[in-house]
1. Where does each of 75, 187, 131 land when they are ranked from fewest to most other beta-carbon atoms within 10 angstrom?
2. Arranged from highest to lowest average of other beta-carbon atoms within 10 Å per residue, in what order do the peptides 136-148, 97-109, 77-89 appear?
3. Calculate the spin-label point distance for residue 163 paired with residue 30, positioning each point 7 Å from the Cα along the beta-carbon direction, and give it in nanometres.
4. So what is the orientation-averaged projected area of the chain, using the convex hull of its C-alpha atoms, in nm²?
5. Counting every Cα pair in the range 48-121, what percent are over 13 Å apart?
6. Counting each DSSP H run of 4 or more residues in the chain as -39500 (n - 2.57), what helix-only mean residue ellipticity at 222 nm follows after dividing by all residues, to the nearest 500 deg cm²/dmol?
7. Could you list 34, 61, 200 in order of exposure, starting from the residue whose Cβ has the fewest other Cβ atoms within 10 Å?
8. Restricting to the chain, compute how many DSSP beta bridges are antiparallel as a %, nearest 5.
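All of the numbers you see were taken from the coordinates with simple rules; none came from a lab. Bear in mind the structure is a predicted one, so any value in this text is a computation, not a measurement. Here Cβ is always computed from backbone atoms with ideal geometry, including for glycine, and neighbour counts include all displayed protein chains.
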């Protein structure tokens with residue numbers, strides 16, 4: 001193993017491009033694993049356990065929380081959602097990064113967990129609130145009332161931007177993707193994330209002494 005895997009937290013208001021950037025990152029590096037959340041909601045038609053979600057009963061989910069098996073969790077509209085810890089630790093041990101597409105609350109829980117030192121958190125801002133609203137409306141999926149609610153929630157999410165390691169403004173998707181790649185490349189090369197360096201430098205000393 002050349003390094004420990006990272007926990008990449010990607011957050012943004014709805015419509016700012018978080019899901020698009022997550023998909024682009026995985027297309028760029030297929031070794032990046034996407035964190036599949038667990039939920040107590042029933043599967044929808046076409047969904048498979050372990051692909052879209054890990055579907056669990058409320059009792060099983062709550063047991064996982066009590067047993068420390070969840071990195072973060074929350075209740076949304078009567079259903080529990082959370083990020084299982086086991087697959088993330090396996091990926092880290094194999095030197096693979098795990099990508100989390102979560103909100104600021106989930107990100108805060110993971111940063112405060114035992115794995116917090118391996119977190120790289122990135123917040124994506126829209127170029128303007130007007131552009132954010134335009135993107136939401138262009139989807140053609142939501143009513144005016146739903147869009148108004150999303151915009152109100154977006155303001156709350158944006159207020160947490162300063163809690164993240166990096167903040168990007170998604171004016172252009174290609175430029176934003178390039179910045180994300182640069183962030184990950186730099187974080188992967190940090191000295192404290194390259195455990196093999198100790199042995200390598202020790203070998204350099206031994207090589208020198210052997211020729212002296």
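1. By the 10 Å Cβ count, ascending, the order reads 75, 131, 187.
2. Top of the packing list down: 97-109, 77-89, 136-148.
3. About 3.6 nm separates the two model spin labels.
4. Mean orientational projected area (the chain, Cα hull): 14.8 nm².
5. Distances greater than 13 Å cover 69 percent of the Cα pairs.
6. -13500 deg cm²/dmol, from helical runs alone.
7. On the way: 34 14, 61 23, 200 9.
Ordered from fewest to most neighbouring Cβ atoms within 10 Å, 34, 61, 200 come out as 200, 34, 61.
8. Beta bridges within the chain, antiparallel portion: roughly 30 percent.
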